[in-house]
Structures are given as structure tokens and as C-alpha cells.
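Please treat every number below as a calculation from the coordinates, not as lab data. Everything quoted here is computed from the prediction, not taken from an experiment. With ideal geometry, Cβ positions are generated from the backbone for all residues, glycine too; neighbour counts draw on all protein chains shown.
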Ligand code: PGA
């Protein structure tokens, strides 16, 4: 499958940020991307971002509730995201796990909700710095993966994102060798559980991806794309990352 370059705007962006969507759209029109491109703006901007993208850029949510509807004040269902024009949703981001106490089981139920609504789920896993330093990174991520990915995965309905917590927003990244080792581990787990489907499922890398390191990261074996936070907020930077996608991956 083509690599997927996904932008996660997190809690950033008022109406004027739509100019970045328009700028990105113009860049991609002039230079067709060697990858699938997705932007996940805050839910408040989703409808307007979809309109601004005019079908040229796919849009996604950053989280969803597991239920379709109900008395869950402040929450947003996968169906609502779909209705607003989203085609994907991030679930289990480490910031959700850390600040909202999301467990693997809850993340799995959110992934199932995404599929129910016809959205692709980007399911995130990643170790903390202590876990890496103590040599437990592979084990931790393997466990998160096993608990967060429900039965029913296909290469089309899911991308897994490996995002080491210590690399998010810090400017620090693992070495190519460390990324390769983790992606191979995730691949092995997916293949053991899902066979050929697991071989085709994209595994994204996320954490301080920027124009200066994207080319190297996107050429690492088993890297099926990138999940980009800070550097996705500006069209120029995000466009430069997209241009680094590896068409032969
Ligand atoms: P970052 O965030 O690119 O700003 O490190 C990545 C993410 O959290 O998805």
C-alpha cells in the first residue's frame, strides 16, 4: 500500500488555520503526492476543513467515543465524524492514554466504533522513556497492540502508529535501527495474528517527524507512513514531509 502521511493538529487551530488546508491543497495540486495524505484537525474545524480541502485531502478525527450516540456530554461518536466528512480517526494516542486514562480495552472499542462507522482507525501504541531505558519497549508495545487492536482488522480499515512517548513533541527521535526493530516487531505480531492481512497493514511512525528527518524515517523497512504532530500545522512543513514519502515502500 502507498505510504500514509497523517497530520494530527491536536488542540490547535481556529478558523484562520483553514488557510493552511488551502495552501496544502494548492501544493498537492501542483505536485501530486507520492503518498496518501490525511489531516486530523480539531473536531470544531472538521466540516470547514473538508470544504476547504475540496476532496483533495482526506480529513480525520483525533478521537471518538465507542458508542454511536447517547448521554455522553462532550463526546463525539465515530458516526458524527463520518457525517462531518471524516474518513479516519486516531484512537489510543498517548495523550489520550495519559490525560484521559484510556486503556487498551477502551482503545479497542473505539477502533471497533471507527469500523462500524466506516472510518479507518489509526491505532497508536508507544513506550515511555523509562520503559525504553529499562529494555521493555518491544514488550510494552506488543502488549498494547494485542489489547488495542480488535479482531476484524484489515489493511484498509486500520493503520497502526508506533509513537514513542518520549519522542512526541520533544524533537528527539529513535535511531533508524530502533524504528526498524520496533516496526519489525509490530509486523511480526500482526502477521502472527492476521496472516497476509497483517503483512499489508500500514505501520506509521510518529514522534518529532519533520522535513529534515522525514526522508530517512520513511525509508526504514516496514515504515508505512508517518503520523505528524507539530510539523503538520504549517502547509509548507507538512508538504515538505509529504514530498519525502517513499513511493517504493
Ligand atoms: P509530534 O507529535 O510530531 O509533534 O512529535 C506526533 C504525535 O503526537 O502524533
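Remind me, relative contact order of the chain in percent, using alpha carbon pairs under 8 angstrom and six or more residues apart? Please report the intermediate quantities before stating the final value.
Working: 521 pairs, mean separation 55.8, N = 249.
So the answer I get is 22 percent.
Neighbour counts of other C-beta atoms within 10 Å: give me 100, 136 arranged from fewest to most.
100, 136
Can you give the extra length, in nm with one decimal, that the chain gains between residue 116 and residue 72 once fully stretched, where that is 0.36 nm per residue apart less the Cα-Cα distance?
14.0 nm
Run the numbers on the stretch 1-143 and let me know its relative contact order in percent, using alpha-carbon pairs under 8 Å that are six or more apart.
18 percent
With a point put 7 Å past each Cα toward its Cβ, work out how far residue 12 is from residue 172 in nm, to one decimal.
Simple spin-label model gives 2.0 nm for this pair.
Can you tell me the Rg and the Dmax, both Å, for the Cα atoms in the stretch 129-249?
Rg then Dmax for the stretch 129-249, in Å: 14.2, 40.
At 10 °C and 1.306 mPa s, grab the translational diffusion coefficient of the chain from Stokes-Einstein with a Kirkwood Rh over Cα pairs, rounded to a whole number in µm² per second.
D = 89 µm²/s.
Per-residue ellipticity at 222 nm for the chain, helices alone: DSSP H runs ≥ 4 residues times -39500 (n - 2.57), over residue total, nearest 500 deg cm²/dmol?
-12000 deg cm²/dmol
When ranked by the protection proxy of mean other Cβ atoms within 10 Å per residue, highest first, what sequence do the peptides 103-114, 61-72, 203-214 form?
By packing density, highest mean first, the sequence is 203-214, 103-114, 61-72.
Which order, highest average first, do 119-130, 141-152 follow once you tally other Cβ atoms within 10 Å for each residue and take the mean per peptide?
119-130, 141-152
Of 238, 194, how do they rank once you tally other Cβ atoms within 10 Å and put the fewest first?
Ascending number of Cβ neighbours within 10 Å: 194, 238.
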